[in-house]
Amino acid sequence: MAFPPNGHQCKHGFLGDDMATETTGAVTTATDAAAGLVTEATTTAGHAAKAAGNAGMPQLDFTTFGNQIFWLVVALVLIYLILSRVALPRIGGILAARQSTITKDIAAAEELKAKAAEAEKAYNQALVDARAEANRIVAEARAEIQKDLAAATAHADAEIAAKSAESERRIAEIREGAMASVTEVARDVAAEIVGALGGKADAKTVAAAVTARLKG
Amino acid sequence: MATEEHSEGLAFHPMDQFKIHPLFREIEPGTCVPDQGITDGCLKWYEVTNATLWMGLSILAIILVFVIGTRGRSIIPSRIQSIAELAYNFVHKMVEDVAGHEGVKFFPYIFSLFCFIVFANFLGLLPKSFATTSHIAVTAVLAVAVFLTVTIVGFVKNGTHFLGLFWVTSAPLPLRPVLAVIELISYFVRPVSHSIRLAGNVMAGHAVIKVFAAFAPLILISGMGFLVTPLSILAITAMYGLEVLVAFIQAYVFTILTCVYLKDALHPGH
């Protein structure tokens, strides 16, 4: 039972056609004397490494720490530079600009609101003025109408008075006429009666007697 | 027989998603065993890995939202600009409310941390992606950066008065040394909890999703799958929703704790 071939066999069996075979194979041929022992050692080492790689946590594989830390530091420095030089001032600027825009807009709105209030006040003032003016015009018109009305009334009154005076005069006239006719009739009737009774009365006496009677 | 089929068909590798590997080569097995002094094949510090790729994508996303999105500088913002402004206002208000007016000077620094975490968390939720913030090395650097910043600011601003943070003057005198020890320990535990909280949350959520995902193809193997597969898909959906919340909340928690620590540094009186 030869030791070296057996070792080779074992090694090949384990690593198969892996590239490692070439290198470790070279090692074994170089250290010709203790070839088997060396291969045995590398195999167990390989086993151990494989076992460690499979079972252990990759987080605790310290051979990767240097690499991870180096690249992490590179990444952090880059991120810090990108953010602090470019991104953060820009975002801060955007936010400040927006804030100032909002403040400005609010101020403008405030101003417009004041203007609107002023306009409303002016409008109300105009309305009040217009109303007063209207009232004044109405009052004026009313006064004028009143005056015309009074004049018309006075005119009508005067006319009515004149007409009634005229009527009264004519009534008086008529009454006068009637009175005179009555006196005449009374005189004639008296003279007739006296004549019929057989008396003799001259016109003069009869007239005097009738007049006296009429007065009495 | 059934168990054999299971072990053959269902592959449980919930942690494989966190593996870091170089993008342009394979690490040959056996070439990186630090315990035995074999480091030839190990990851070099400058190599571009999947973690690097996703950090780079985070940077690109940040540029997209905060630089290109705000290019219009419009008073009435576009959608992306609103997101940028929302984030700005959110963090700015947080810094001002928690750390006070003096803290606003540190706003770009805190905002950078917030952006990195929030973008890394959300990009990490994409299928097939890599969650940068699930790695303790990353969150530890973030937490230690905060710790150092806060400590240096505390001493520069307040001198030795900063040590008043540990000397609780409102407590009875005999208790003060005890409290000082406790305060000192809690002060140094801060970066530990600060970093493990973030990495732990992100990692746990992703791992749980992966475990459920491993159950999902059971329907192809056994009759049990008619029950298990819909359940696991439902569970993945639910977990994913929770992870979306966690992605934001953990970034928020990290940021607000940074603000709280900063407040302690600026105003060390209790």
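The values are calculated or read from the model by the stated rules, or taken from the named source; none is laboratory data. All of these numbers come straight from a predicted model, not from anything done at the bench. No Cβ is skipped: glycine too gets one built from the backbone with ideal geometry, and neighbour counts run over all protein chains shown. All accessible areas refer to the heavy atoms of the entire protein, side chains included, with ligands and DNA or RNA removed. Shrake-Rupley method; radii C 1.70, N 1.55, O 1.52, S 1.80 Å.
What number of residues within region B:248-270 are closer than 15 Å to residue B:142 by Cβ and aliphatic (A, V, I, L, M)?
Qualifying residue count, region B:248-270: 5.
If you go through region B:227-266 one residue at a time, how many are over 24 Å from residue B:90 (Cα atoms) and open to solvent by 20 Å² or more (accessible area, probe 1.4 Å)?
So the answer is 12.
Any residue at all in region A:120-143 that's assigned to a helix (DSSP H, G or I), without any contact (Cβ under 8 Å) to a residue 24 or more places away in the chain and over 43 Å from the mean Cα position of the chain (by Cα)?
Yes, because at least one residue in region A:120-143 is assigned to a helix (DSSP H, G or I), without any contact (Cβ under 8 Å) to a residue 24 or more places away in the chain and over 43 Å from the mean Cα position of the chain (by Cα).
Looking at (1) more than 9 Å from chain A (Cβ to nearest Cβ); (2) surrounded by fewer than 22 Cβ atoms within 10 Å (Cβ to Cβ); (3) assigned to a helix (DSSP H, G or I), which one does residue B:109 not meet, given that it meets all the others?
(1)
Given the options A:55, A:48, name the one that is surrounded by fewer than 18 Cβ atoms within 10 Å (Cβ to Cβ), under 30 Å from residue B:117 (Cα atoms) and modelled with pLDDT under 95.
Matching residue, one of A:55, A:48: A:55.
Can you confirm whether residue B:61 is within 30 Å of residue A:86 (Cα to Cα), aliphatic (A, V, I, L, M), open to solvent by less than 70 Å² (accessible area, probe 1.4 Å) and more than 7 Å from chain A (Cβ to nearest Cβ)?
It is true that residue B:61 is within 30 Å of residue A:86 (Cα to Cα), aliphatic (A, V, I, L, M), open to solvent by less than 70 Å² (accessible area, probe 1.4 Å) and more than 7 Å from chain A (Cβ to nearest Cβ).
Do we find a residue being under 21 Å from residue B:250 (Cβ atoms), surrounded by fewer than 19 Cβ atoms within 10 Å (Cβ to Cβ) and without any contact (Cβ under 8 Å) to a residue 40 or more places away in the chain anywhere in region B:33-51?
Within region B:33-51 (the criterion being under 21 Å from residue B:250 (Cβ atoms), surrounded by fewer than 19 Cβ atoms within 10 Å (Cβ to Cβ) and without any contact (Cβ under 8 Å) to a residue 40 or more places away in the chain), the answer is no, since none of the residues qualifies.
In region B:64-80, which residue that is within 22 Å of the chain's Cα centre (by Cα) and at the interface with chain A (Cβ under 9 Å from one of its Cβ atoms) is surrounded by the fewest Cβ atoms within 10 Å (Cβ to Cβ)?
B:65
For region B:6-22, which positions are touching a Leu at 6+ places or on another chain (Cβ under 9 Å) and either within 7 Å of another protein chain (Cβ to nearest Cβ) or open to solvent by 70 Å² or more (accessible area, probe 1.4 Å) (or both)?
Once the filter is applied, which keeps residues that are touching a Leu at 6+ places or on another chain (Cβ under 9 Å) and either within 7 Å of another protein chain (Cβ to nearest Cβ) or open to solvent by 70 Å² or more (accessible area, probe 1.4 Å) (or both), region B:6-22 yields B:20, B:21.
Could you list, in sequence order, all residues of region B:152-180 that are surrounded by fewer than 11 Cβ atoms within 10 Å (Cβ to Cβ) and under 32 Å from the mean Cα position of the chain (by Cα)?
B:156, B:159 - these are the residues of region B:152-180 that are surrounded by fewer than 11 Cβ atoms within 10 Å (Cβ to Cβ) and under 32 Å from the mean Cα position of the chain (by Cα).
Inside region A:74-109, can you point out the residues that are surrounded by 12 or more Cβ atoms within 10 Å (Cβ to Cβ), more than 7 Å from chain B (Cβ to nearest Cβ) and β-branched (Val, Ile, Thr)?
Passing the criteria: only A:74.
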